[in-house]
Amino acid sequence: MLAVSDLLKSYPSPEGGRVEIVRVSAFGLAAGAQLALRGESGSGKTTFLNLIAGILAADSGRVAIDGTEMTALGEPRRDRLRAEKIGYIFQTFNLLQGYTVLENVVLGMSFGPGADRAHARDLLGRVGLGHRLDHFPRQLSTGQQQRVAVARALANRPKLVLADEPTGNLDHKHAGESLALIREVCRENGAALLLVSHDEGVLSQFEQRRDFAEINAAKGA
């Protein structure tokens with residue numbers, strides 16, 4: 001499902017050189033696999049997810065999603081591939097403030113196979129927000145906004161789900177429920193799940209887990 005090789009991302013340094021953030025020689029994830037990567041803030045793990053999703057362009061290397069090389073595509077086709085194949089749970093939510101909870105999920109679906117309001121309502125009900133469909137993000141708690149982001153990421157039945165600290169803004173109860181939902185829906189859809197976190201409570205729930213430092217040889221990370 002996911003194949004990464006010779007991936008490099010660096011940024012200009014104040015001294016005039018380049019600082020490597022991500023240097024991954026080889027990484028892969030099979031269809032349906034669920035893997036947690038342990039990484040502290042500043043380790044480059046969010047940059048790694050953004051490179052996989054095609055949100056950032058790599059300096060060099062290859063990322064292939066379900067047999068299609070993301071890094072070989074132009075921006076419009078990268079956007080299309082991401083909409084069709086990838087669900088991304090952002091640490092910062094990225095909700096559209098002028099749209100309701102339901103509209104945020106439905107709009108996310110419209111970039112993929114198409115809007116399915118019944119499925120959107122079902123997912124929002126499963127994250128405990130069936131009574132908040134007509135609310136706007138500003139009317140929700142931080143934890144509720146995170147749960148909307150979870151529902152939106154899963155709505156298109158993606159083949160690969162990327163989760164960046166998906167429980168970081170939730171209390172213990174809702175963190176456990178959201179993590180269980182993410183994993184359950186991924187299993188239902190046969191989707192692969194790549195989650196990054198520094199929370200040992202989250203990491204301990206995964207049978208497969210690795211340290212991001214084991215795969216990232218970037219000098220500046």
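The values are calculated or read from the model by the stated rules, or taken from the named source; none is laboratory data. Just so it is clear, the structure is predicted and the values come from calculations on it, not from any experiment. Glycine gets a Cβ as well: all are built from the backbone with ideal geometry, and neighbour counts include every protein chain shown.
Just a few scattered comments:
- Within segment 108-153, if we keep just the residues that are of a type in the set (A, V, I, L, M), touching a helix residue (DSSP H, G or I) at 6+ places or on another chain (Cβ under 6 Å) and at pLDDT below 90, the residue that is nearest to L35 (Cα to Cα) turns out to be V150.
- Among the candidates A83, A64, residue that is surrounded by 14 or more Cβ atoms within 10 Å (Cβ to Cβ), under 16 Å from A151 (Cα atoms), touching a residue at least 60 places away in the same chain (Cβ under 8 Å) and out of contact with any helix residue (DSSP H, G or I) (no Cβ under 6 Å at 6 or more places or on another chain): A83
- Failed criterion for L102 (all others in (1) surrounded by 14 or more Cβ atoms within 10 Å (Cβ to Cβ); (2) at positive phi; (3) at pLDDT 95 or above hold): (2)
- Condition met for L56 (free of Cβ contacts under 8 Å to residues at least 60 places away in the same chain, surrounded by 13 or more Cβ atoms within 10 Å (Cβ to Cβ), closer than 18 Å to V196 by Cα and touching a Ser or Thr at 6+ places or on another chain (Cβ under 8 Å)): yes
- Residue in segment 85-93 that is of a type in the set (S, T, N, Q), out of contact with any Leu (no Cβ under 8 Å at 6 or more places or on another chain), within 28 Å of L56 (Cα to Cα) and part of a helix (DSSP H, G or I) present: no
- Residues in segment 14-29 that are within 16 Å of the chain's Cα centre (by Cα) and in contact (Cβ under 8 Å) with a residue 60 or more places away in the chain: L29 only.
- Residue satisfying all of: in segment 193-207; assigned to a helix (DSSP H, G or I) and not acidic (D, E); farthest from A31 (Cα to Cα) among these: G201
- Residues satisfying the stated conditions in segment 124-158, i.e. without any contact (Cβ under 8 Å) to a residue 60 or more places away in the chain and hydrophobic (A, V, I, L, M, F, W, C): L124, V127, L129, L133, F136, L140, V148, A151
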